[in-house]
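The next block holds one structure in the form of structure tokens; read it before the comments.
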Amino acid sequence: MSVLALENVSLRYAPGEGGAQAPLVLDRISLEIAGDDFVVVIGRSGSGKTSLLNLAAGFLTPSSGRISLDGRSLSGPGSDRAVVFQDDALYPWLSAIENVAFPLRLRGVGKDQRLKEAQSLLERVGLPDAAERKVWELSGGMRQRVGIARALASQPRFLLMDEPLGALDALTRVRMQGFLLDMWRASRAGALLITHSIDEALMLATRIVVLTANPGRIAKIIPVNFGRGYLSGIPQSDLRASAEFKQLHDDLTGLIHSETGLIHSEDEGVAA
Ligand SMILES: Nc1ncnc2c1ncn2[C@@H]1O[C@H](COP(=O)(O)OP(=O)(O)OP(=O)(O)O)[C@@H](O)[C@H]1O
């Protein structure tokens, strides 16, 4: 099983004009993500969540520390790690199936084969009839599914997701959480997901990483099991109604308050 490991990773962005040292954004983060992990990172706005994901993706290089995949230091982005953003960034001039097939084209897969594989991926994400639709003909949830199908086309070992459900309405978001868990299990890829929602973190994660802000440090890592409960057949509504879910929700809310000094409102959004 593959392991993506961050060891004592710190990050400062490049100095600004005049050479003043940029502030420390992430401070000595150590975290391992294995192929059967679903790690969710939560923390207030500016705590460095996106920076952490960009480091894991290889888009950024740590200022100190090491990031490795199966023991080998990362040297940049790679097809072993697929990234899904909130704004799915599909190619609007291509149909759904052409979007999904795009990474296969880059890999040199022939046209017939890539359309066959892309159609099978669209079926896996529950869009068997969407192949010829243009991006603007798809709902937000459908677009995110196409984006995830495209990410899966490169058969990544890790799925890195930055607020992938952040732009969706509440009902679609809950449905898509179930979908993400199903995809995670079927793809056997390790997952790293960033969210502002405590509820979403609890529903999806096998481990929740709580980041402090200024600089981003790991305040706590909490193992959770509701996602696995969903995959074993327990409805999300039952899991959310359980005393354990509510207790953990309260604990996390308290922790994020105490770690960040945040005034916390509703569940959705610890960042406000
Ligand atoms: N390209 C960049 N250059 C300089 N500073 C940056 C850059 N990107 C982010 N930062 C700074 O790094 C810190 C962490 O930003 P980051 O986007 O990683 O946090 P976040 O937790 O994802 O925030 P949010 O929840 O608002 O998306 C912030 O202070 C931000 O201003």
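Structure values in brief
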item: Helix-only mean residue ellipticity at 222 nm for the chain, each DSSP H run of n ≥ 4 adding -39500 (n - 2.57), per residue, nearest 500; result: -11500 deg cm²/dmol
item: Anchor Lys116: lysines whose Cα lies under 28 Å away (excluding residues fewer than 8 positions away in-chain); result: Lys134
item: Nitroxide proxy distance, nm - points 7 Å out along Cα→Cβ at Ala170 and His257; result: 2.1 nm
item: Residue of Leu211, Leu138, Leu11 that the Gaussian network model of the chain assigns the largest fluctuation, springs spanning Cα pairs under 10 Å; result: Leu138
item: Proxy reagent accessibility, fewest Cβ within 10 Å first, across Val146, Val209; result: Val209, Val146
item: Gyration tensor (alpha-carbon) shape descriptor, region 60-149, a/c threshold 1.5; result: prolate
item: Shape call, the chain: gyration tensor on alpha carbons, a/c limit 1.5; result: oblate
item: Stretch gain in nm, segment Met1-Asn214, where the contour uses 0.36 nm per residue and the Cα spacing is subtracted; result: 73.3 nm
item: Candidate lysines - alpha carbon under 20 Å from Lys220, same-chain residues fewer than 8 apart omitted; result: Lys49, Lys246
item: For Tyr13, Tyr230, order by how many other beta-carbon atoms lie within 10 Å, fewest first; result: Tyr13, Tyr230
item: Three-way shape label, region 147-215, alpha-carbon gyration tensor, a/c 1.5; result: oblate
item: Sites matching GluC sites (Glu not before Pro) across region 131-236 that sit in DSSP coil, with at most 14 neighbouring C-beta atoms within 10 Å; result: Glu132
item: Estimated distance in nm for a label pair at Tyr13 and Lys111, the labels positioned 7 Å out from Cα along Cα-to-Cβ; result: 4.4 nm
item: Cβ-based exposure ranking for Phe226, Phe85, in which fewest neighbours within 10 Å come first; result: Phe85, Phe226
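Quick note: the coordinates plus some simple rules give every number you see, no bench work behind them. This is a predicted model, so every value here is computed, not measured. Cβ atoms come from the backbone with ideal geometry, glycine included; neighbour counts cover every protein chain shown.
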